[in-house]
1. Scanning segment 358-370 for residues that are open to solvent by 10 Å² or more (accessible area, probe 1.4 Å) and β-branched (Val, Ile, Thr), which turns out modelled with the highest pLDDT?
2. Hey, among 403, 453, which residue is open to solvent by less than 80 Å² (accessible area, probe 1.4 Å) and modelled with pLDDT of 95 or more?
3. List pairs: first in segment 43-71 and in contact (Cβ under 8 Å) with a residue 12 or more places away in the chain, second among the charged types (D, E, K, R), Cβ under 6 Å, 6+ apart or cross-chain?
4. Out of the residues in segment 126-139 meeting the condition of being loosely packed, with under 15 Cβ neighbours inside 10 Å and in a helix (DSSP H, G or I), tell me which one is modelled with the highest pLDDT.
5. For residues that are out of contact with any helix residue (DSSP H, G or I) (no Cβ under 9 Å at 6 or more places or on another chain) and open to solvent by less than 60 Å² (accessible area, probe 1.4 Å), tally how many sit in segment 156-195.
6. Can you run down the residue pairs with Cβ atoms below 7 Å, 6 or more apart or on separate chains, where the first is in segment 263-284 and farther than 17 Å from residue 119 by Cβ and the partner is outside any helix (DSSP H, G or I)?
7. For segment 350-366, check the following and say yes or no: at least one residue is touching a helix residue (DSSP H, G or I) at 6+ places or on another chain (Cβ under 6 Å), hydroxyl-bearing (Ser, Thr, Tyr) and within 18 Å of residue 210 (Cα to Cα).
8. Taking the condition buried (at least 24 other Cβ atoms within 10 Å of the Cβ), in contact with a Cys (Cβ under 7 Å, 6 or more places away or on another chain) and farther than 30 Å from residue 193 by Cβ, does residue 220 pass?
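The values are calculated or read from the model by the stated rules, or taken from the named source; none is laboratory data. This structure is a prediction, so every number in the text was calculated from the model and none was measured. Heads up, the Cβs are rebuilt from the backbone with ideal geometry, glycines too, and the neighbour counts pull from every protein chain shown. In case anyone asks, the SASA skips ligands and DNA or RNA and just uses the protein heavy atoms, side chains included. Shrake-Rupley method; radii C 1.70, N 1.55, O 1.52, S 1.80 Å.
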Amino acid sequence: MNEIESAAKTGLRFQCLSFTEVIGQSIANIAPSATPAFTIPAVFALAANGTWLSYLFATVAVLLVGVHINYFAKRSASPGALYTFITDGAGPATGFISGNGLVLAYLLTASAVLPPFANFMNVVFGYLGFQIPPVVICLVGALFGWFVVYKDVQISAKVMLTCEAVSLLMIIVLGIIVFAKSNFRFYGNMATLRGVSFDNIRLGLVLAFFSFVGFESATSLGKEARNPLHNIPKAVLISGAVVGTIFVAFSFVEIGGYLTVKGNLSQATAPLNFLAVKNGVAPLGLLISIGAMISFWSCFVACTTAAARIMHSMSHEKMMPEAFGKVHAKNQTPYISSTVLVVVEFAVPAVMLIAKLDPMAIFSYCGTIATLGFLVSYLLVVIAAPIYLKKSGQLQVKHIVLAAVTFLVLMIPLIGSVYPIQPFPFFLFPIIFAVWLGASAIWYFAVKARNNAAETVEEETEMAG
């Protein structure tokens, strides 16, 4: 079957996305504008002066994973993304279980970013003298996100990349201003890791890693990207490298800027606004809040886009309900799977907001479970890559060594997420994720047995006829 026939079978639009639009998917999923605006303070609370090192370590880990993803992405293009890659290397059972974990990870990331989206929209509304209930803002954001995902993959890619580019430009301008006015003694303390222990770095790394999750989501556009075997691998590595550089640099700038004005970064809910005001550029803070708000929303769109295509692939392989594989006749988007995802992605934070949890708590709770899903998928793709290369006769010693190193690097944030045992409710999250994987395994073998029985009946019917 050639590429055009294969694309026609999926029903998705064939090779409509340029490299710029493909990298827009990965960058929007990372939501780089959101990290300085929301996540760096949380990492600082754990890693203190070692925040930049946590981000540097996470950047290296992401790039190592990217190399292994690209062993597959340079050889095959599929909307199933890591689910398909792991299946090709480690077999269908492992592929399906990890794919289900990845769908949960994308879903909960989308849920995690809706409350911060509402938080920053209310920051903007605060300038106008009013506020709107966060759950209402989340509903509007989810509905608009659903419309973009449902309507056109090209529109969503262009909108996401444009929003991130504008937002990042404003953040970089603020960073330059803050850096110029900072007390450089604080940067020296960070460079020498004053008062930092290994545990600080390790604990900060777990949250720092969450800043990158989804960097591989361009792989879900396998059939929709132009020249996918070139553009997708390129997008995976460039997105990780570029945003990693921004995160490391802004860890220095943001922490140094806060220490200079004697602010408490670990408890900041809108740190860039605070820095803009303290450095005499308050209007820039408002613009950055708008950019952060849009960045969180773009991440919601990117997560839904990626998860819907994985569910679409699973459906075509008869491992998910047939409805999830249906594609809109005109828009050529997996509209049913997208709709189901958006309903759940909104419901999760809506319940928490109604229960009076604050946006940072919801972001942290959903993000912790999502990070486990991404880490397990990344670990499995690293394990699957040498197996895949061996099957094609291309495995070399350097591939085995690099896989071993990457595996050990990834184990640090994975172990850090479960040990030492975290306080309630965080100690429950690994258990919840393990139960999800166990249920996925049961589902896989039950559906496989049903499919095998159906095929046997069909063969017997054909023989009898």
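1. Result: 369.
2. Going through 403, 453 in turn, the sole match is 403.
3. Sorted first by the residue in segment 43-71, then by its partner, the pairs are 49/194; 69/216.
4. Within segment 126-139, the match that is modelled with the highest pLDDT is 136.
5. Final tally of qualifying residues: 1.
6. Going by the 7 Å Cβ cut-off, the qualifying pairs are 278/261.
7. Within segment 350-366, none of the residues are touching a helix residue (DSSP H, G or I) at 6+ places or on another chain (Cβ under 6 Å), hydroxyl-bearing (Ser, Thr, Tyr) and within 18 Å of residue 210 (Cα to Cα).
8. Considered against the rule, which asks whether it is buried (at least 24 other Cβ atoms within 10 Å of the Cβ), in contact with a Cys (Cβ under 7 Å, 6 or more places away or on another chain) and farther than 30 Å from residue 193 by Cβ, residue 220 comes out as no.
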